[in-house]
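*Asks:* This is the structure I want to talk about, given as structure tokens.
The values are calculated or read from the model by the stated rules, or taken from the named source; none is laboratory data. The structure displayed is predicted, hence computed values, not measured ones. Cβ placement follows ideal geometry from the backbone for every residue including glycine, while neighbour counts extend to all protein chains displayed.
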Amino acid sequence: MGLELFNTLILLLLVVAALIALRVKDLLTASVVFAVYSFLMCLLWAEMGAVDVAFTEATVGAGISTVVMIATIFNLKRKSSD
Amino acid sequence: MFEDGSIINELFIERLNYLIYVVLLLIGLHAMIAKNNLIKKLIGMSIFQTAIILFYVSVGVKEGATIPIYLPEHDPHGSHASHSDGNETEQSNHGPVVLDAELVKGYSNPLPHVLMLTAIVVGVATLGLALALCLRIYQGYGTIEEDEILAKIEGQEMGTKPSVVVKSVDSSKPATSQSAKPASKPKGSSSPSPKRSKASPRTKAKATSPTTKAKTSGAKPVSPKRKAAASKSTTTGSKKSPAKPKTAASKSTTKAKPKPRAKPKAKPTARAKATSTAKKATASKPKPKTPKK
Amino acid sequence: MKKLSLIPVLLVGALLIYAAEDFPEWGSPSAPASASPLSSHFISNTGVDTEVPNMVTAVLADYRGFDTMFETVVVFIAGMAVLAILKNSSGPNSKKKIFHIETEPDIIVTNTVRLLIPVIQIFAFYVLAHGHVSPGGGFQGGVVMGASFIMIALSWDLDTALARFPVERCTVVAGLGIILYGGIGLLSMFLGGEFLDYAELANIFPVSREMARYHAMLGVEIGVGLTVTAIMFSLYANLSTEGRLKGGL
């Protein structure tokens, strides 16, 4: 039962992180919250037993994807209208 | 579907996970459609992709199963098995054996993991490419909000040939955002519709290029003048901008043909350097630039 | 107008929820994905066929090696496409570049990074080579290695990182990775088997057929790692400077 609770809690945090990443008007904040989302996904998969997928998501999603997005936002406007 | 309450019980308690996956999918899908900013659309795309991967991985979960790596007693190399167990030593001595069905149930299903590994890597490659496209759009239109881009495209299509040139002549004050737009508009429109942009500015270019040729006597005396005018009137204070017309001027002196056309383009942006050094630049590319001064 | 988009989204959601009640319970072993004969074949026969304890790596690099090869090609094409899109692009609206100008690299950051980078790179090699026995493999090791170069670019500046790994060499290394992968496949074809049938390599190397698959998997993962490293770094270098490779984050 503890595992179900853990799963449900992480899933709810995922939904919250996804909503926040899409609602903030500052693109840098959105990238960082998106990194949090990726990390929560990685945690969820590691708990489900998919360790290879979790490793890949940790490096690729929370690592490269975030850095590349921030490097792009550096060249664009940081404020978004919605 | 809602005949009796047990359906809701099943849906919300036993299959709560699937509900939340559906919610994540919907968040991603709605963001891709309804958000105005291009980067937010990309974040929505990534949320959608990871939610799908989550769904696939969770389909292959077995309760109470371990990770899909052989435990030491089933290890194919057989050397890590414990020696004290009576039953296990047979397996360890014989090396790798085919596992029977009971033991198979103790391992997680490796097949969804493999497919989703590929999906994650392809997703990040797509994200990188999409961000490069966003950068190009920003250079071309000066904004990454979708409604402003659509308004600019419609303005381009409504105002056909004369208004393009009129706009470029009017924007003689080189606020860089404005100069980015008309300068890049022929550039941006030259790729999808080369004929339209080639035909119109060339007529104007032929009228103005003799005047520019008359004005420009030599390479060096003109370019400091242009540089002074350019650096005085730019709104950018960046240290790189004086460097760029210098290099553009020095590079334009070494070239024979684009030289008289490259000089009036000694503007503080790197476009001068790009167009004067781009050997593959067709003749249409310098020509739309000459009306702007 | 954008509010109308909620309607199809909610419709899709309702359809998915309606379909969700047909799913098996979460985690039951009789789920169709787990009860399929293919996955049980993979679980029971990986040890016998390839002697690799990590089933995911074995399926990725051996049983489904064709998939992985084209995935590597996809990563390579994405890197080339970014290069093609951003090369010779017009300069940015340079109002912004006032701010990023000549800050000295911070002494604490540079010295810490100088201590960390060798450890990170050795860890990347470890993840690549130990992918047969523990979670890991070519992609993960390659990404960690690429991230170490990005770390050099972030703590000094991009020119320091490009002095160590120029973008031209990135493309060459990426191509080498794919050639290595395809080369191992072609080698097995020349030795009489099918494309990517690694067991045929036992004809030239003095190992058993299973160990030939084991070692060829390592070679293939090295190819994947090379490509992914080079492309991740060139992606960062191009995106942070809009193709001009000067300035940047």
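*Asks:* Quick one: which of C:ILE231, C:ILE178 is in contact (Cβ under 8 Å) with a residue 40 or more places away in the chain and either touching a Ser or Thr at 6+ places or on another chain (Cβ under 8 Å) or charged (D, E, K, R) (or both)?
*Replies:* Selected residue: C:ILE178, the only one of C:ILE231, C:ILE178 that is in contact (Cβ under 8 Å) with a residue 40 or more places away in the chain and either touching a Ser or Thr at 6+ places or on another chain (Cβ under 8 Å) or charged (D, E, K, R) (or both).
Okay, residues lined up against (1) at pLDDT 90 or above; (2) facing chain C (nearest Cβ under 10 Å); (3) assigned to a loop (DSSP other than H, G, I, E, B):
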| site | (1), (2), (3) |
| --- | --- |
| B:PHE2 | no, no, yes |
| B:LEU54 | yes, no, no |
| B:VAL61 | no, yes, yes |
| B:GLU73 | no, no, no |
| B:HIS80 | no, yes, yes |
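*Asks:* Restricting attention to the stretch A:4-24, and to residues there that are touching a residue at least 24 places away in the same chain (Cβ under 8 Å) and more than 9 Å from every other protein chain (Cβ to nearest Cβ), which single residue is farthest from B:ILE47 (Cα to Cα)?
*Replies:* A:PHE6
*Asks:* From the set of residues in the stretch C:67-124 that are modelled with pLDDT of 85 or more and aromatic (Phe, Trp, Tyr), which is nearest to B:LEU131 (Cα to Cα)?
*Replies:* C:PHE76
*Asks:* Can you spot a residue in the stretch A:40-48 that is facing another protein chain (nearest Cβ under 9 Å) and over 30 Å from B:LYS105 (Cβ atoms)?
*Replies:* The answer is no, given that none of the residues of the stretch A:40-48 is facing another protein chain (nearest Cβ under 9 Å) and over 30 Å from B:LYS105 (Cβ atoms).
*Asks:* Is it the case that A:ILE70 is at the interface with chain C (Cβ under 10 Å from one of its Cβ atoms) and either modelled with pLDDT of 95 or more or within 13 Å of the chain's Cα centre (by Cα) (or both)?
*Replies:* no
*Asks:* Answer yes or no: is there a residue in the stretch C:191-205 that is under 24 Å from C:MET69 (Cα atoms), in contact (Cβ under 8 Å) with a residue 24 or more places away in the chain and either acidic (Asp, Glu) or buried (at least 17 other Cβ atoms within 10 Å of the Cβ) (or both).
*Replies:* yes
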